[in-house]
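Written out below as C-alpha cells is the structure these notes cover.
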Amino acid sequence: MAAARMSFRDSDTVRPDFSASQIPDLDDKMSGPDLCPTKESFSDLHDLTENNICMILSFCEEEGDYSTLIRVIGKIFSNADALTKSFRKDAPGPEEELQSPSSTNMDALSLTPAEEEPAEDLSPCEVSVDIDAVRRVYDRLLSIDQVEAALVNALVYLTPNMELDLEYLDVYETNPDYLNIFIIVMENSNLHSPEYLEVAMPQFCKAMSKLPVSALAKLAKLWSQYTLPQIRRMMETFQQIITFTVVSNEYDSDNLVNDDETVVAASKCLKVVFFASILAGDVDIEHNEEDDEDSEPDELSLHELLGEDRLYKKGPRVDPLETELGVRPIDSRKPLIPFEDFINESLNEVVEMDKDFTFFKVDAETKFSFQTCPFILNIITKNQGLYYDNRIRMYSERRLTALYSMVQGQQPNPYLKLKVRRDHIIDDALVRLEMISMENPSDLKKQLFVEFEGEQGVDEGGVSKEFFQLVLEEIFNPDIGMFTYDDDTKLFWFNSSSLETEAQYTLIGIVLGLAIYNNCILDVHFPMVAYRKLTGKKGTYMDLADSHPVLHQSLKELLEYNSNVEEDMVITFQISYTDLFGSPVSYDLKEEGEEIPVTEENRQEFVDLYADYILNKSVERQFKAFKKGFLMVTNESPLKYLFRPEEVELLICGSRKLDFEALEKTTDYDGGYSKDSQIIKDFWETIHSFGEEQKRLFLQFTTGTDRAPVGGLGKLKMIIAKNGSDTERLPTSHTCFNALLLPEYSSKEKLKERLLKAITYAKGFGML
C-alpha cells in the first residue's frame, strides 16, 4: 500500500495502522463460516466511521482488491442522509475498538443507521462531525488512486440533490447536521485538482451557496478555528474554481460573467472563507466611532416621487453574513490571510462594471453583483464602480436641477460652480461651500467646475486640480496651525490646540470628498488612523505606531517593562503636553488621575486611555467637523461598503508604487517632440537612472503629487511639450494638466543637470 499523505492538521491522536494481525482476535472471531468478512458483509452499511473504514481497508489490503472500498465510498458519499450520519463524534473510534475485545467486529461495522439525536449544548461553531477522524480517513483514502474517481463520481451524483433539498425543502432548518456534508467534503485536500474542478466542485458550490445565512455563519466560525494552511487551502480551492471557469469561457455584453452560476456560487462560498480568515485574525469589534449620518427625512424626496429611490437610496447596504457574524471587514486589524490574496485577477479582467453597478444598485434581488463580494475585486475595478456611482449621481442632480428650474422659472445650474480669488482662496471656498452645505447639500454631488476670478479658461479637470492643490497647500501650512507636522514620519495630524473654526475642518473634509467624487488625486499625508476613523473606527494604541511612533515606542516599553513599574517609572494617570503656544497642559486620563499611580496591573488601561486621548478625545471637535464635511459628499456612495481604509487612502492620495516604464508607454508628446526624438530618449534614460526620491520629486514637480493614481502611473496622462531650443532656462510644468515643458537641450548631461535643479528647487517657482 502506498504511503499515506500528510495530514492537513496535526492531531494529538495517533492513527493506528489497521492491519488484520493487529485487530484483537480477528481470526478467532471471524473463523466461522458466518463471521468471515466477505464483500457482502459491507453491503448493508448505512454510514461511515473511522473504524469501519479501517476494517474495510484491512479487508481490501488482504484481498489485494479495493472494489469493496470503492463501492462503499460511492454509496455513502453519494447519499446525503448517509453522509450526514457519518463520522459522528459519538461513534466508537479505532482505539476504543482495540480496547474492547468483548465487542464483535461485525458490531463495529455499524450495519444499522445511526440514531438521530439532536445535538445539544453545542457552541455556535461546534458540530457533531468528528473532523479529526475525517482527516485521518482522508489521509488513508487519498493515498489509494482508485478511490479518487469514486469520490469525484459520488460528489457529482450527490450535489444536485443537495441543491434541491436546500432550495425547496429547507432541509437545514429541519436537520442542522446537514451541514456535516459540507464540512466532510471540504476536508478533501484534492478538491483543487482538474477531476473535481470540471463538474463536481461547481455543483458543490451551487449547493453550498443555497445554505441559509445562519449555516454559512456557522461554517465561517468553524473554519476560523482551523490553521492557516487549512483555511488557505479552502480559499485556493474556491479561487481555482473561479479562475478555471473564467478562463474556460468567453464573456461579453450578452454573456456576462454575472450570469455564470459557477462563478457566482464560488464567489459566495469564498465569502465564507473570507470571513473565517477575518475571525481567525486580529479583530477589533469595539472602538467604533458614533454614526453621525442624518436620520431619514419624513417627507418623500423627488427621487422617490420619480420612482428612482432604489438607485439613489441612502447609506451603504449591510451584508447579511456580516450581520449574522457580528463582524465587518473594517473590524479586522490583520486577517489570517492577507486581503490581497482574495482578489481574483482573472475575474477582474472580465467583469463589466457598468452592468455590475446596475445590478448592485437596482436589480440586487434578481441579479448578482460582484460588488456584494468586494473582497474579490481589486481597487481598480472597485474604483470603476465608484466612478459610475459618482457619474450617475452627478447626472441625477443635473436632471433634478433642470426640473426644479422649470417649475420655479429659474436658470438651471447643473454644476457645482466655485468662483474664487487666488489670494483669498480659503475664504472664498469656505464661504461658498458653507452656503451650499447649509442651503442645498445635494449640490455637492454635482460635477465640480472651478473658475479663478479674472482668469479665462474652461475647467476640464485641470483647473479643479489646481484649486485642490492651492487649498491643501494653504490649509496644511504649519503657520495656520490646523495640523501638526512630524518631520520624521512626514505625516500631518489634527492640532488639538488649534484656534481655527470647525468650518475650516469641515472644508478640508469636503475637499477630500470632492476629490474622490471628481476622481482627483490629492497631495495629502495623513496616517492610516485618519482613514480608519473616517470609515467608522476609533484610534487605538496600535494606531500610534503609524501616527505617533515615538509615543508608541515609549508606551510599548512601559508594557514590556519587567521590573517594578510603580517605583521605577513614577507615572500617574495624568499626562502633560505642550500646546500651540508652547505652554504646558495637563490632562487627567481618569478622575483624580494625578493621585493614581501606573502599576503593572493597570498599565494596559493607562496605555489604552492615553491612546484614546491622543487619537480621539483631544481632537474630537476637529475630527468630527472634518468627517462631517467628508460625509456631506460621500454619505450616499458605496465608498464605505466597497473600500477598506487603506483603499480609501489610495483613492484620495494615490499609490506609492511607481512604475515609470508604464508612464513612458502612455506619455503623449507635443510641440514637435515624439517618442523617437533624441532628447526624449535622453529624457527617459535620465528618469530611469534616478533614485526613488528623485523620481518622487519629478512626479511632484510634474503632477503636483508624488504618488500614482489608482491603477498605477500608466493611468496618468502626462504630456511632454517642446519649450524652445537649447537654453539655460529650467524645465517648467503645468501640474493641473500633468504637462512638462522641456527645452531641447544640447546634451544629455545638460538635460539631467537642468532637470535635477528644477525638481529639487521647484517649490515656489517653476510649477505653474
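The values are calculated or read from the model by the stated rules, or taken from the named source; none is laboratory data. Predicted, not measured: the structure shown is a model, and the values here were computed from it. Positions of Cβ are generated from backbone atoms using ideal geometry, with glycine treated the same way; all protein chains shown enter the neighbour counts. Only protein heavy atoms, including side chains, enter the accessible area calculation; ligands, DNA and RNA are left aside. Shrake-Rupley method; radii C 1.70, N 1.55, O 1.52, S 1.80 Å.
Among the GluC sites (Glu not before Pro) in the range 414-508, those located in a DSSP loop and surrounded by at most 12 other Cβ atoms within 10 Å of their own Cβ are Glu453, Glu455, Glu460. Here the range 551-671 exposes an accessible surface that is 44 percent carbon and sulfur, computed with a 1.4 Å probe and the other protein chains kept in place. The stretch between Leu164 and Glu290, if pulled fully straight at 0.36 nm per residue, gains 41.0 nm over its current Cα-Cα span. The alpha carbon centroids of the range 596-646 and the range 356-377 are separated by 31 Å.
Exactly which GluC sites (Glu not before Pro) in the range 575-619 are in a DSSP loop and have at most 12 other Cβ atoms within 10 Å? Those that pass, being in a loop and sparsely packed, are Glu591, Glu592, Glu601. As an exercise, use a Förster radius of 56 Å and the Cβ-Cβ distance of Ser497 and Asp363 to find the FRET efficiency, rounded to the nearest 0.05. Working from the Cβ atoms, E equals 0.60. When the Cα positions of Ser725, Phe701, Gly714 are compared along the charge dipole of the range 682-746, Gly714 comes out farthest toward the positive end, with charges on each C-beta of Lys, Arg, Asp and Glu.
Spacing of the modelled spin labels on Ser346 and Arg422, each 7 Å from Cα toward Cβ, amounts to 5.5 nm. Sparse packing (at most 16 other Cβ atoms within 10 Å of the Cβ) combined with a DSSP loop state is found for the following GluC sites (Glu not before Pro) in the range 666-753: Glu728.
Inter-part distance, the range 160-235 to the range 44-75, computed on C-alpha centroids, equals 24 Å. A simple spin-label model places the labels of Glu646 and Glu753 4.4 nm from each other, with each point 7 Å out along Cα-to-Cβ. In this structure Leu191 has an accessible area near 0 Å², from a 1.4 Å probe over the protein heavy atoms. Under 5 Å between amide hydrogens, built in the peptide plane, is the criterion, and for Leu491 it picks out Asp486 among residues at least 5 positions away or on other chains. The residues neighbouring Thr666, those whose beta-carbon lies less than 13 Å from its own, together hold a net charge of 0 under the Lys/Arg +1, Asp/Glu -1 convention.
Nonpolar atom fraction for the range 183-224, defined as the carbon and sulfur part of the 1.4 Å probe accessible area, stands at 50 percent. Computed with a 1.4 Å probe over protein heavy atoms only, the accessible surface of the range 146-191 comes to 38 Å² per residue.
Using unit Cβ charges (K, R positive; D, E negative) and no other charged atoms, how large, in debye to the nearest 20, is the dipole of the range 327-389 about its Cα centre? In debye, rounded to 20, the range 327-389 gives about 300. Near Leu580: Cβ cut-off under 15 Å, other residues only, Lys/Arg at +1 and Asp/Glu at -1. The net charge is -2. Full extension of the chain between Val585 and Glu474 yields a length gain of 37.2 nm, computed as 0.36 nm times the residue separation minus the alpha carbon distance. One chain, two ends: Thr578 and Glu455. Fully extended at 0.36 nm per residue, the span grows by 39.9 nm beyond their Cα-Cα distance. Here the simple spin-label model places points 7 Å from the Cα toward Cβ, and for Asp90 and Thr227 these points are separated by 3.1 nm. Estimated from the Cβ-Cβ distance and a Förster radius of 41 angstrom, the FRET efficiency linking Ser43 and Glu261 is about 0.65.
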